[in-house]
Amino acid sequence: NAGVMQNPRHLVRRRGQEARLRCSPMKGHSHVYWYRQLPEEGLKFMVYLQKENIIDESGMPKERFSAEFPKEGPSILRIQQVVRGDSAAYFCASSPNRGRGELFFGEGSRLTVL
Amino acid sequence: DAKTTQPNSMESNEEEPVHLPCNHSTISGTDYIHWYRQLPSQGPEYVIHGLTSNVNNRMASLAIAEDRKSSTLILHRATLRDAAVYYCILRAAQGGSEKLVFGKGTKLTVNP
């Protein structure tokens, strides 16, 4: 059973470009979480999605960031008009149930904004 | 979300036991105690979780105080691969936010 797959693992963008990060949860998992980790800092929750629904987006910046988890395909975290402060590692986690048990994390996508 | 308090860093020697403490004095009756760890340049990894009773798995043991206001993660024989940041997190079983709220954790250094 493959783990949580994130791609790309490394992404370089210039200021003002768009970044799209993809997350394929583990098979059978319908709950996805996105976290951001700035250099030398802890993980900050961004958004929690279930298939086709955003459940909790309390950690998402109000502008430029959006997330989706369509019925088919991976979850996408989209960052428009990136700025240098968006440079970070973005981690995705999945779980089979709501509110119980462990979260399974991917290896992360590392975004560098030049 | 309830808060946890952990030491910023700890050091251990290889093949010795390690006890990582966590205080959670504001824990509610339905909060589970979760531990995750993050190795350098990797995503977090689940270690163990429990509610009231002590728990054991292949990675570690979790000792929970009788009043549940503190817990201790026990690595029975530390290896160099156990060097990581260890996070103690409270997670509501129902009715609360499903997200995990990570604090600063404890950075464990394992000396050869």
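The values are calculated or read from the model by the stated rules, or taken from the named source; none is laboratory data. Just so it is clear, the structure is predicted and the values come from calculations on it, not from any experiment. Neighbour counts are summed over all protein chains in view; Cβ atoms, including those assigned to glycine, are modelled from backbone coordinates with ideal geometry.
Before moving on, here are some points about what is shown:
- Qualifying position, being surrounded by 20 or more Cβ atoms within 10 Å (Cβ to Cβ), of a type outside the set (A, V, I, L, M, F, W, C) and closer than 13 Å to B:Tyr86 by Cβ, among B:Pro21, B:Pro7, B:Pro44: B:Pro44
- All of (1) in a loop (DSSP other than H, G, I, E, B); (2) surrounded by 22 or more Cβ atoms within 10 Å (Cβ to Cβ) hold for A:Pro61 with one exception: (2).
- Any hit, region A:49-58, residues being within 14 Å of another protein chain (Cβ to nearest Cβ), at pLDDT below 95 and surrounded by 18 or more Cβ atoms within 10 Å (Cβ to Cβ): yes
- Residue within region A:25-39 that is within 14 Å of another protein chain (Cβ to nearest Cβ) and β-branched (Val, Ile, Thr) present: yes
- For A:Ser66, the test of being modelled with pLDDT of 90 or more, more than 16 Å from A:Gly106 (Cβ to Cβ) and crowded, with 16+ Cβ neighbours inside 10 Å is failed.
- Total residues in region A:7-21, condition of a type in the set (D, E, K, R) and crowded, with 16+ Cβ neighbours inside 10 Å: 1
- Qualifying residues in region A:1-53 (those that are touching a His at 6+ places or on another chain (Cβ under 9 Å) and not in a loop (DSSP other than H, G, I, E, B)) - the one nearest to B:Tyr87 (Cα to Cα): A:Tyr48
- Of all residues in region A:82-111, those satisfying the criterion of being within 14 Å of another protein chain (Cβ to nearest Cβ) and either closer than 22 Å to B:Thr30 by Cβ or among the β-branched types (Val, Ile, Thr) (or both) are A:Ala93, A:Ser95, A:Pro96, A:Asn97, A:Arg98, A:Gly99, A:Arg100, A:Gly101, A:Glu102, A:Leu103.
- Boolean, A:Ala89 is surrounded by 18 or more Cβ atoms within 10 Å (Cβ to Cβ), in contact (Cβ under 8 Å) with a residue 40 or more places away in the chain and more than 19 Å from A:Ala2 (Cβ to Cβ): yes
- Strands (runs of 3 or more DSSP E) within region B:19-112 that include 1 or more residues among the small types (Gly, Ala, Ser), free of Cβ contacts under 8 Å to residues at least 40 places away in the same chain and within 14 Å of chain A (Cβ to nearest Cβ): B:45-50
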